[in-house]
1. Taking the residues in region 131-145 that are touching a residue at least 24 places away in the same chain (Cβ under 8 Å) and farther than 30 Å from G224 by Cα as candidates, determine which candidate is most open to solvent (accessible area, probe 1.4 Å).
2. Quick check: anything in region 318-337 at positive phi and part of a loop (DSSP other than H, G, I, E, B)?
3. Going by the structure shown, is V346 under 30 Å from A392 (Cβ atoms), out of contact with any Cys (no Cβ under 9 Å at 6 or more places or on another chain), crowded, with 18+ Cβ neighbours inside 10 Å and aliphatic (A, V, I, L, M)?
4. Looking only at region 163-178, count every residue that is of a type in the set (G, A, S) and open to solvent by less than 50 Å² (accessible area, probe 1.4 Å) and tell me the total.
5. List the strands (runs of 3 or more DSSP E) that sit entirely inside region 43-128 and contain at least 2 residues that are open to solvent by less than 60 Å² (accessible area, probe 1.4 Å) and at pLDDT below 85.
6. Just wondering, is there one or more residues in region 274-291 that are of a type in the set (D, E) and surrounded by 15 or more Cβ atoms within 10 Å (Cβ to Cβ)?
7. Give me the residue from region 367-401 that is touching a residue at least 12 places away in the same chain (Cβ under 8 Å) and hydroxyl-bearing (S, T, Y) and, out of that set, least open to solvent (accessible area, probe 1.4 Å).
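The values are calculated or read from the model by the stated rules, or taken from the named source; none is laboratory data. Values in this document were obtained by computation on a predicted structure and should not be read as measured data. Neighbour counts run over all protein chains shown; Cβ positions are idealised from the backbone, glycine included. To get the accessible areas, we keep the full protein, side chains included, count just its heavy atoms, and leave off ligands, DNA and RNA. Shrake-Rupley method; radii C 1.70, N 1.55, O 1.52, S 1.80 Å.
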Amino acid sequence: MKVESQNEVEKPVMVEERKLANHPQGNPARRWWIAVLALVIVAAIVVSGILPRIHARADLDKETAEMAIPTVSVVHPKRGAPAQEVVLPANVQAYIDAPIYARTNGYLKHWYADIGAHVKAGQLLADIETPEVDQQLRQSRADLATAEANLNLSRITAVRYADLLKTDSVSKQDADNAAGDYAAKQATVQSAQANVKRLEELQAFEKIYAPFEGVITARNTDIGALIDSGSSGGARTELFHIAQPDKLRVYVNVPEAYSQAAKPGLTADLVLSEFPGRRFEGTLVRTADAIDQSTRTLLVEIRVNNPTGTLLSGAYAEVHLKLPTATTAFILPVNTLLFRSEGLRVAAVTDDRHAELRPVTLGHDFGSEVEVVAGLTGNESIVVNPPDSIVAGEEVRIAQPAAASGEAQQ
């Protein structure tokens, strides 16, 4: 039997201990690294699950904040014209327009011009028979002859008495009576002459002449018609109506709001329905310089040249009056206005980010647009259809025009 030595027994034991020492479970550093690695893995798993949620919540908060900023459309004020055009109704009248009456009574013997006739100044229009005036004229001439005969006799008597008075053949009283009778007869002759002259002039009114060059617009009598001059208290008879159409007067009632701008020298155009697309130029020549209290308007006269007679007197027309504006005005759509308790406002976008409420003063209302006469400089970006909740300093976003957004998408 072989007996093993002690060294041979210890050798396998030491080998076994080395194997146990080299095993991982038996190394503390290795175990620590394993624990750290496991912790890192767990942390990575946790972070990878929470971090996307944090980013999603941040994106949601950002998007919510962005959506909370209202997007608005803006327009820029348009500068108003230096002269505003006011359209007013008006009546066209001839520059000279007059009715022609008889100055003496009688019967119409003949007329020489009918309606539409162009006559010259002094042209004969009608003859009137005046038998009564003719008889009165003959009587007055006879009275004049009698007065002249009496005057001649009185003159001879006065001269004779004056010569006899020198020799005291007649009394001073008789001489004075003769001189006084002579003076009275002179006055009688002068009166008779004046009466004859009056009747001669009255007889001259038997012929009706055109007072100026123009057009006969009305003839209200005919041959054999009784002519009454109105001297006896009856109704006067208008024989003709004559107008001068080469120049026209157009009277317009300008509202009081425009009265200060309506000054002589301004241009005005006439528009008539019978001439579509045409305008006839005129000039404001004078104003009444007073406001009519019943209508609160200023009466102005516009003169229009009408050498060809295209425009007819008495026509209705629309006058386009060009009135200068005293201040610079701007034009805005009506949907930019904000009606607040503190007054009328518009929302302007400053520095392309914030809203500012500006008070404005309106001028004229053009329907879909209004005139702003105060409160704007013309460089503002005005919000269209502003929300009622908009306040000063609120952050806003300006919407891009449709064309620009389309280009950006392309």
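1. D143
2. Within region 318-337, none of the residues are at positive phi and part of a loop (DSSP other than H, G, I, E, B).
3. Yes; evaluated as a whole, the condition is true for this residue.
4. Final tally of qualifying residues: 2.
5. Qualifying strands (runs of 3 or more DSSP E): 71-75, 83-101.
6. No, because not a single residue in region 274-291 is of a type in the set (D, E) and surrounded by 15 or more Cβ atoms within 10 Å (Cβ to Cβ).
7. Going through the qualifying residues, I end up with S381.
Results for (1) out of contact with any Gly (no Cβ under 7 Å at 6 or more places or on another chain); (2) charged (D, E, K, R); (3) at pLDDT 85 or above; (4) farther than 30 Å from Y251 by Cα, shown as yes or no for each residue.
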position: L299; (1), (2), (3), (4): yes, no, yes, no
position: F330; (1), (2), (3), (4): no, no, no, yes
position: R353; (1), (2), (3), (4): yes, yes, no, yes
position: N379; (1), (2), (3), (4): yes, no, no, yes
position: V396; (1), (2), (3), (4): yes, no, no, yes
